[in-house]
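In what follows, a structure is listed as structure tokens, so that the remarks can point back to it.
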Amino acid sequence: MFDALNARAWWSHNDHFHGWVVRRLAAAHDPAVGVLDVGCAGGGLLAALRSRDERGLRDPEETFAEVASTARAVLPGARVRRRLWFRYTLEWTAP
């Protein structure tokens with residue numbers, strides 16, 4: 001059912017919010033404000049940011065180990081995993 005619907009009117013939840021993210025970043029007027037694109041799609045957000053604002057493009061300051069450690073401290077029991085092509089997942093169930 002969804003395949004047929006998507007074939008007629010393709011829609012992506014990730015792509016839907018690109019404009020919103022770009023507008024919020026532009027409205028911030030603060031060099032400390034940035035965006036972390038964690039790679040949930042095909043790179044469209046990164047391309048939109050690149051075309052509008054170079055502030056959004058930089059290497060992460062934290063390592064995967066640091067992010068995972070912080071996530072586990074804030075969300076006890078969180079499971080952070082490395083995935084293929086520099087993708088990561090975080091799984092957590094509220095107690």
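The values are calculated or read from the model by the stated rules, or taken from the named source; none is laboratory data. Keep in mind the model is a prediction, meaning the values are calculated, not measured. So basically every Cβ, Gly included, is an ideal-geometry build from the backbone, and we count neighbours across all protein chains shown.
Here are some notes:
- Residues that are exposed (fewer than 10 other Cβ atoms within 10 Å of the Cβ) and in contact with a strand residue (DSSP E or B) (Cβ under 9 Å, 6 or more places away or on another chain), drawn from the stretch 61-87: 83
- Residue match in the stretch 10-18 (condition: more than 22 Å from residue 83 (Cβ to Cβ), surrounded by fewer than 14 Cβ atoms within 10 Å (Cβ to Cβ) and modelled with pLDDT of 70 or more): yes
- Test result for residue 47, surrounded by 10 or more Cβ atoms within 10 Å (Cβ to Cβ), aliphatic (A, V, I, L, M) and modelled with pLDDT of 65 or more: yes
- For residue 80, the conditions (1) at pLDDT below 75; (2) assigned by TED's automatic domain parsing to the domain that holds residue 93 all hold with the exception of (1).
- Among the criteria (1) under 26 Å from residue 15 (Cβ atoms); (2) at pLDDT below 75, the one residue 31 does not fulfil is (1).
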